[in-house]
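Accompanying notes for the structure given below.
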Amino acid sequence: MSEEIEAADTSSCCACCGIAEVDDIKLVPCDDCDLVRYCSNECQKTHKSEHEQACKKRAAELRDEILFKQPESIHLGNCPICCLPLPLDRTKSSMYTCCSKMICDGCNRASQTRDYDKCPFCRKTLPKTKEEGYKLIMKRVKANDPAAINQVGGEKYDEKDYRTAFEYSKKAAELGVAQSHFRLSIMYHFELGAEKDEGENIRHLEEAAIGGHPQARNNLGCEEWNNDNVERAVKHWII
């Protein structure tokens, strides 16, 4: 009962000076947790040393709630035509440079029976040369299309141009592309276009796993297993 009263007090009063929230005083929650609120930046700074330990613990709990939540779908998403999940086997779907859409083989074949020279999704005429296709994908990159940026990052990675691949992958990851997060984790771990950084490796693995990337989830399980965190490892592998 006392814990409930204490929680109510910290939500309605400043955790530092104790002033209550009234019409002209608005309390702002802690940036990292949902445990306490403050009336000013000064109060938050003053209370930091007292609150820091509980804040870190709660922030870790909130992070785990997100990390161990079952993703709604895999990182590739659904085919925009049939709305079925795209296959994990990337050879069974195709990226179209005109619109940056990934289309499953079934919809590709169905479209080719009608218009073999048009994109199944946007219906634009397909590029006739690799150079034309590159110009189209770079046009999508300039428009800040996450899928296009990720695609170019992947191509540069396959070409072993790791420095350029890192820049494109970093930008796509900032836009929420799980595949780019996974690629960055590999690059940080193996020093490909970036300095070795295991902290960044784990951070990007977590973001990729949250986005539904199965290999990233498996790698996280292996990391936890190697660190003797068996329960956390099993949680990852079950997901």
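The values are calculated or read from the model by the stated rules, or taken from the named source; none is laboratory data. These numbers come from a predicted model, not from an experiment. When we count neighbours, we look across all protein chains shown, and the Cβ atoms used for this are built from the backbone with ideal geometry, even at glycine. Areas reflect the complete protein model, heavy atoms only, side chains present, ligands, DNA and RNA absent. Shrake-Rupley method; radii C 1.70, N 1.55, O 1.52, S 1.80 Å.
In this rough spin-label picture, where each label sits 7 Å from Cα along the Cβ direction, the ILE238-LYS139 distance is 5.0 nm.
Could you please put VAL36, VAL28 in sequence from largest to smallest accessible area, using a 1.4 Å probe? Provide the component values of the computation, followed by the final result.
Numbers: VAL36 15, VAL28 85 Å².
Solvent-accessible surface, decreasing: VAL28, VAL36.
So, with a 1.4 angstrom probe, what is the percent of accessible area on region 1-112 that is carbon and sulfur? Here it works out to 52 percent. Of PHE68, PHE182, the residue with the largest accessible area leads and the full order is PHE68, PHE182 (1.4 Å probe). Here PHE68 and GLU42 are evaluated by their C-beta separation; at R0 = 41 Å the FRET efficiency comes out at 0.65. In the chain, excluding the sites themselves, the longest stretch lacking any of the trypsin sites (Lys or Arg not before Pro) that are in a DSSP loop with at most 15 other Cβ atoms within 10 Å is 70-113.
Can you send over the carbon and sulfur percentage of the accessible area for region 122-239, probe radius 1.4 Å, protein chains only? Please list the in-between numbers first.
Details: 3360 of 6740 Å².
The nonpolar share, carbon plus sulfur, comes to 50 percent.
Near the amide H of LYS101, within less than 5 Å, lie the amide hydrogens of TYR96, all on another chain or at least 5 residues away, with H placed in the peptide plane. Size of the chain from its Cα atoms: along the principal axes, largest to smallest, the extents are 70, 47, 34 Å.
Restricting to Cα atoms and excluding each atom paired with itself, what does the Kirkwood estimate give for region 28-119 in Å?
Values: mean 1/r = 0.0573 Å⁻¹.
With all distinct Cα pairs of region 28-119 included, I get 17.5 Å.
Among the listed pairs LYS56/LYS235; LYS69/LYS130; LYS135/LYS196; LYS92/LYS139; LYS26/LYS171; LYS69/LYS160, a Cα-Cα separation exceeding 31 Å is found for LYS69/LYS130; LYS135/LYS196; LYS26/LYS171; LYS69/LYS160. What accessible surface, in Å², does a 1.4 Å probe find on LEU84, ignoring ligands, DNA and RNA and rounding to the nearest 10? Per-residue accessible area (LEU84): approximately 110 Å². Listed values for region 12-19 are Karplus-derived 3J(HN,Hα) couplings in whole Hz (6.51 cos²θ - 1.76 cosθ + 1.60, θ = phi - 60°), namely 9, 10, 5, 5, 9, 9, x, 5, and x replaces Gly and Pro.
Rolling a 1.4 angstrom probe over the protein heavy atoms with all chains in place gives region 177-239 an accessible area of 50 Å² per residue.
About its Cα centre, what dipole magnitude does region 76-197 give when the only charges are +1 on Lys and Arg Cβ and -1 on Asp and Glu Cβ, stated in debye to the nearest 20?
500 debye
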